[in-house]
Amino acid sequence: MVLKFAGIDSINDAEKLTGMLVEIPHSQRAVLESGSFYVSDLVGSELVDVSARRNKVGIIEDVEQGLAAPLLIVREGDRKYEVPFAAEYVVRFNPAQRTLEMKLPPGLLEINAPLSPEEKLEQTGKSSPRSHGDTEKKKTSIS
């Protein structure tokens, strides 16, 4: 996206604005085409999975750029999910009610579920003291 600001007429002037936040009043935002959403409308909205029955997934905390589609970062308590924001999953978004309804594929939330402490240790290649001790006891009892 390229923006032109009044009084900024050179690249040198524009470079001074690098990293600054551009804020546009809600009343002056451009009307988006169907299927497009403002991130600021999505963040703070509730994500509801309507695939089998209405299940609240959590609150959208952020939107990150994914490989194939943007990812909704959704939190419910201590659980955090990365949900692909793909057009084929979106059923309806109501910005006034701050609710996004999506029809998520079976198993998507389980795949993105947070790792248990044991799974985290397994991924790092370390074993927990408890599981190490259990392994030694099993070896001892077999011999």
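The values are calculated or read from the model by the stated rules, or taken from the named source; none is laboratory data. Just so it is clear, the model here is predicted, and its values are computed rather than measured. With ideal geometry, Cβ positions are generated from the backbone for all residues, glycine too; neighbour counts draw on all protein chains shown.
Numerical summary
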quantity	calculated
Test: residue in the range 36-46 that is among the small types (G, A, S), part of a loop (DSSP other than H, G, I, E, B) and surrounded by 15 or more Cβ atoms within 10 Å (Cβ to Cβ)	yes
Close pairs from the range 34-46: first among the polar types (S, T, N, Q), partner part of a loop (DSSP other than H, G, I, E, B), Cβ under 8 Å, at least 6 apart	S45/P95; S45/R98
Residue check, E61 touching a strand residue (DSSP E or B) at 6+ places or on another chain (Cβ under 6 Å) and either over 16 Å from Y89 (Cβ atoms) or hydroxyl-bearing (S, T, Y) (or both)	yes
Filter result for the condition that a residue is modelled with pLDDT under 90 and either over 22 Å from E101 (Cα atoms) or of a type outside the set (S, T, N, Q) (or both), over E33, E61, E76	E33
Tally of residues being surrounded by fewer than 12 Cβ atoms within 10 Å (Cβ to Cβ), among the small types (G, A, S) and over 26 Å from the mean Cα position of the chain (by Cα) across the range 1-35	4
